[in-house]
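Notes follow the structure.
The values are calculated or read from the model by the stated rules, or taken from the named source; none is laboratory data. Source: prediction; values computed, not measured. All Cβ positions, even for glycine, are placed from backbone atoms using ideal geometry, and neighbour counts span all protein chains on display. Calculation scope for accessible area: heavy atoms of the full protein, side chains included, ligands and nucleic acids excluded. Shrake-Rupley method; radii C 1.70, N 1.55, O 1.52, S 1.80 Å.
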Amino acid sequence: EDILLIERQIRMFEALTKKRIEMIKAIMEKHPASIRELANILDRDVKNVFDDLRLLNKMNIVDLTREGRCVKPVVKKKIVIIKFG
């Protein structure tokens with residue numbers, strides 16, 4: 001399914017920081033073949049990018065797919081709905 005419903009505000013603010021939103025956008029636009037390539041695109045440390053990707057993976061926004069020796073980040077959800085109250 002291409003839609004993610006976030007019902008708790010805390011989870012939304014934890015997951016959707018400015019850097020993570022930039023990361024999601026970069027994955028969708030640049031289609032990096034690995035976490036290292038994504039880190040280079042974002043000009044960020046590989047470990048920090050990996051940590052953010054793990055959180056986005058737990059949120060079911062990003063999928064981390066092993067392709068040979070690399071792990072490729074892929075955005076799973078095209079639409080995010082935020083429910084307040």
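Scanning the range 27-51 for residues that are open to solvent by less than 80 Å² (accessible area, probe 1.4 Å), assigned to a loop (DSSP other than H, G, I, E, B) and within 15 Å of residue 71 (Cβ to Cβ) yields 32, 33, 34. Taken over the range 52-66, residues that are in a helix (DSSP H, G or I) and open to solvent by 50 Å² or more (accessible area, probe 1.4 Å) amount to 3. Only one entry in 48, 60 is of a type outside the set (Asp, Glu) and at positive phi, namely 60.
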